[in-house]
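*Asks:* Here it is: the structure, laid out below.
The values are calculated or read from the model by the stated rules, or taken from the named source; none is laboratory data. Since the model is a prediction, treat every value here as computed from it, not as a measurement. Cβ sites come from the backbone with ideal geometry, for glycine too, and all protein chains shown count toward neighbours. All accessible areas refer to the heavy atoms of the entire protein, side chains included, with ligands and DNA or RNA removed. Shrake-Rupley method; radii C 1.70, N 1.55, O 1.52, S 1.80 Å.
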Amino acid sequence: RQARQGQAAPPGPGWAELPSFEPDAQLMAKHRIVTFADADPAHSTFDMMRTKILRALRQNGWTSIGITSPTSGCGKTTACLNIAFSLAHQPDIRTVLVDLDLRRPAIAGLVGLTRPQSMASVLQGTRPPAENFVRYGETLAIGTNTTGLRASSEILLSPATTQGVAAIKAAFQPDVILYDLPPMLQSDDAMAFLPHLDCVLLVAAAEKSRLDEVDKCEQELSEQTQVLGVVLNKCRYGAEDYGYY
């Protein structure tokens, strides 16, 4: 997919150190990362979401977005990746995607990254960000995990994590940072990381997420940060219902 017209974003100081990475198109299609290419008309939904996100960030001077869900299986990581690759097609926007689901990391497997990586080590300051990220094109950096941790909430609550987050921002100077967070109702990890976020996007699944679960998560989030919105994922519709397309 060709980058859209616009002035290219000047790279941050750490971008040149990152190894380039080109995901396999078939693997991306298998995992429903529809914004990687234009073949699936569903990409337009994420492109519209991208536009709304960028408008909110610019109006409020925000940078950091957490993406979470009430429970597992809602598709938050898939949504996070689709938003990231949609943003990557904006040549004037630098985007950093961070897998912060330290218990059950998933981004590496979905995009086909196999090199050993530990986001916990970056957050704790024992590994520089450049060693834990890869670069897709000129505007998207992806940081992943390959091993789950049991003591993840303790790491996220540690004072060292504040320095680790600052190190990522200093290394890449991004316009947008997307954090793929764990589900809210299955651990306290997402709540532990809220002080580092400007806003949160909540992903609910049709026919799975209960209204009381969504309400509880939205209320808890709104008490500590800005709720950017709620995304209803996994909706069923017929081709004739897809409007313009």
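*Asks:* Mind listing whichever residues of segment 162-179 are touching a His at 6+ places or on another chain (Cβ under 9 Å) and outside any strand (DSSP E or B)?
*Replies:* 162, 165
*Asks:* In addition: Would you please list the contacts, defined by Cβ atoms under 9 Å and residues six or more apart or on different chains, that run from a residue in segment 68-79 that is under 17 Å from residue 100 (Cβ atoms) and in a strand (DSSP E or B) to a residue that is at pLDDT below 95 and among the polar types (S, T, N, Q)?
*Replies:* Note: no pairs meet the criteria.
*Asks:* One residue is enough: does segment 121-129 have a residue meeting the conditions of a type in the set (A, V, I, L, M) and surrounded by 17 or more Cβ atoms within 10 Å (Cβ to Cβ)?
*Replies:* Checked segment 121-129: at least one residue is of a type in the set (A, V, I, L, M) and surrounded by 17 or more Cβ atoms within 10 Å (Cβ to Cβ).
*Asks:* Checking the conditions here, which among 97, 102 is open to solvent by less than 10 Å² (accessible area, probe 1.4 Å), closer than 28 Å to residue 229 by Cα and not in a strand (DSSP E or B)?
*Replies:* 102
*Asks:* Hey, another quick one. Return a yes/no flag: does segment 105-116 have any residue that is open to solvent by 10 Å² or more (accessible area, probe 1.4 Å), in a loop (DSSP other than H, G, I, E, B), within 19 Å of residue 168 (Cβ to Cβ) and free of Cβ contacts under 8 Å to residues at least 40 places away in the same chain.
*Replies:* Yes, there is a match, as at least one residue in segment 105-116 is open to solvent by 10 Å² or more (accessible area, probe 1.4 Å), in a loop (DSSP other than H, G, I, E, B), within 19 Å of residue 168 (Cβ to Cβ) and free of Cβ contacts under 8 Å to residues at least 40 places away in the same chain.
*Asks:* Taking the conditions exactly as written (in a helix (DSSP H, G or I) and open to solvent by 30 Å² or more (accessible area, probe 1.4 Å)), does residue 146 satisfy them or not?
*Replies:* So residue 146 fails the test.
*Asks:* Something else now. Can you name every residue in segment 90-121 that is touching a strand residue (DSSP E or B) at 6+ places or on another chain (Cβ under 9 Å) and not hydrophobic (A, V, I, L, M, F, W, C)?
*Replies:* 94, 95, 99, 101, 105, 115, 117
*Asks:* Within segment 26-50, track down each residue that is open to solvent by 60 Å² or more (accessible area, probe 1.4 Å), in a helix (DSSP H, G or I) and modelled with pLDDT of 90 or more.
*Replies:* If the condition is that a residue be open to solvent by 60 Å² or more (accessible area, probe 1.4 Å), in a helix (DSSP H, G or I) and modelled with pLDDT of 90 or more, then 26, 29, 30, 48 are the ones that fit.
*Asks:* Tell me, which residue of segment 188-210 that is part of a loop (DSSP other than H, G, I, E, B) and farther than 12 Å from residue 156 by Cα is modelled with the lowest pLDDT?
*Replies:* 207
*Asks:* Any residue in segment 210-228 that is without any contact (Cβ under 8 Å) to a residue 40 or more places away in the chain, of a type in the set (D, E, K, R) and surrounded by 14 or more Cβ atoms within 10 Å (Cβ to Cβ)?
*Replies:* Yes, segment 210-228 contains a residue that is without any contact (Cβ under 8 Å) to a residue 40 or more places away in the chain, of a type in the set (D, E, K, R) and surrounded by 14 or more Cβ atoms within 10 Å (Cβ to Cβ).
*Asks:* Suppose we keep only residues that are among the small types (Gly, Ala, Ser) and assigned to a helix (DSSP H, G or I) within segment 149-161. Which one would you say is nearest to residue 62 (Cα to Cα)?
*Replies:* By that ranking, first place goes to 160.
*Asks:* Pick from segment 176-194 the residues that are open to solvent by 20 Å² or more (accessible area, probe 1.4 Å) and touching a helix residue (DSSP H, G or I) at 6+ places or on another chain (Cβ under 8 Å): which of them is farthest from residue 16 (Cα to Cα)?
*Replies:* 185
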